[in-house]
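I have placed the structure first, in the form of structure tokens, so that the comments after it can refer back to it.
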Amino acid sequence: MRSPSTATLSRRLPLPPAARELLHFGLKNARACLFPAFILVMLALTRAAELPIARYDALLLACLAMQALMLATGLETRDELKVITLFHLLGLGLELFKVHVGSWAYPEAALAKVGGVPLYSGFMYASVASYMIQAWRLFGLRFVHWPRPALVVPLGILIYANFFANHVLPDQRLLLIAAVLLVFARTRVEFTPWATRRAMPLVLAFLLIGFFVWLAENVATYLGAWQYPHQLDGWRLVDPHKLSSWALLVIVSLMLVVQLKRVKGTRPRERQDVVVD
């Protein structure tokens, strides 16, 4: 669906069709990134400003207020909020474990902190789900040759479990990536940047989203969202191998969103958005 503001801007700029379509693609992605962008802005503001409460607590209150605003304005529905809340809880579970084993740390004090993990951190995972939900709506996403649940569900569980198990067992990341390439080899995602329907292999979409999440992670760690062991003496670039971790997390996120939408199936259009082999 075309946004009035986007359409107005497009008409005013004398652009060739390809550039016009690229503009709409960028603007829609920017709109879909509303929640992630808000978190990055708040990270910057709370780092620069004097606060009457702990910074992590201020971030939690800001995220809760933003979530309530998105629900009140209709940017997210109650059903979508349930999905985002589930991601928040899954993210917190992963954070509690990773902080416990020393993968990274949250060095600042806060009241809303459990097991060394500030509760606002779950919103960073929830923001990934928020992006997917917004992008689904804005681009009219449709998944063709989506694998059967009998393949998707176990693969998603194994990917999530590997984030925990790789601390006591050999990391199965390469095998899981190979499994993703095999299971989703025929799957493509269709989307509409402006007027023409486009499509790309879903595995390419996984990689691209994972890359941009990795870039956002570098910004977030620079702003003190959390701290990796190699950043104790000052900020350094996040290890590029984390890109594969984020790509796998994006895969789990999309699997869960798609499966929940298929199960819910509240509107006829949603049932047609996922074409299963």
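Observations on the structure shown:
- Within region 168-187, residues that are touching a residue at least 40 places away in the same chain (Cβ under 8 Å) have Cβ atoms under 8 Å from residues that are of a type in the set (S, T, N, Q) in these pairs: ARG173/ASN162; ARG173/ASN166; ARG173/SER244; ARG173/SER245; LEU176/ASN162; ILE177/SER244, counting only partners at least 6 apart in sequence or on another chain.
- Top-ranked residue of region 38-66 - restricted to ones that are in a helix (DSSP H, G or I) and among the β-branched types (Val, Ile, Thr), ranked as nearest to the chain's Cα centre (by Cα): ILE39
- PRO149 fulfils the conditions (1) loosely packed, with under 15 Cβ neighbours inside 10 Å; (2) at pLDDT below 90; (3) more than 30 Å from GLU108 (Cα to Cα) except for a single criterion, (1).
- Of the criteria (1) in contact with a helix residue (DSSP H, G or I) (Cβ under 6 Å, 6 or more places away or on another chain); (2) surrounded by 19 or more Cβ atoms within 10 Å (Cβ to Cβ); (3) of a type in the set (Phe, Trp, Tyr); (4) modelled with pLDDT of 90 or more, which one PHE164 fails: (2)
- Residue, surrounded by the fewest Cβ atoms within 10 Å (Cβ to Cβ), within region 37-66, restricted to residues that are of a type outside the set (A, V, I, L, M, F, W, C) and at pLDDT 95 or above: PRO52
- Selection within region 95-123: residues that are out of contact with any helix residue (DSSP H, G or I) (no Cβ under 6 Å at 6 or more places or on another chain) and in a helix (DSSP H, G or I). The member of this set that is farthest from LYS28 (Cα to Cα) is HIS100.
- In region 174-277, counting only strands (runs of 3 or more DSSP E) that sit wholly within it, the ones holding 1 or more residues that are farther than 27 Å from LEU22 by Cβ and at pLDDT below 85 span 274-276.
- Here PRO240, PRO229 are screened, and the one residue that is in contact (Cβ under 8 Å) with a residue 60 or more places away in the chain, loosely packed, with under 13 Cβ neighbours inside 10 Å and closer than 26 Å to PHE123 by Cα is PRO229.
- Close contacts from region 141-163, counting a first residue that is over 21 Å from PRO201 (Cα atoms) and a second that is of a type in the set (Gly, Ala, Ser), with Cβ to Cβ under 9 Å and a gap of 6+ residues or different chains, come to LEU158/ALA179; PHE163/SER245.
The values are calculated or read from the model by the stated rules, or taken from the named source; none is laboratory data. Computed from a prediction, not measured in an experiment: that's the story for all the values here. Positions of Cβ are backbone-derived with ideal geometry, glycine not excepted, and every protein chain shown enters the neighbour counts.
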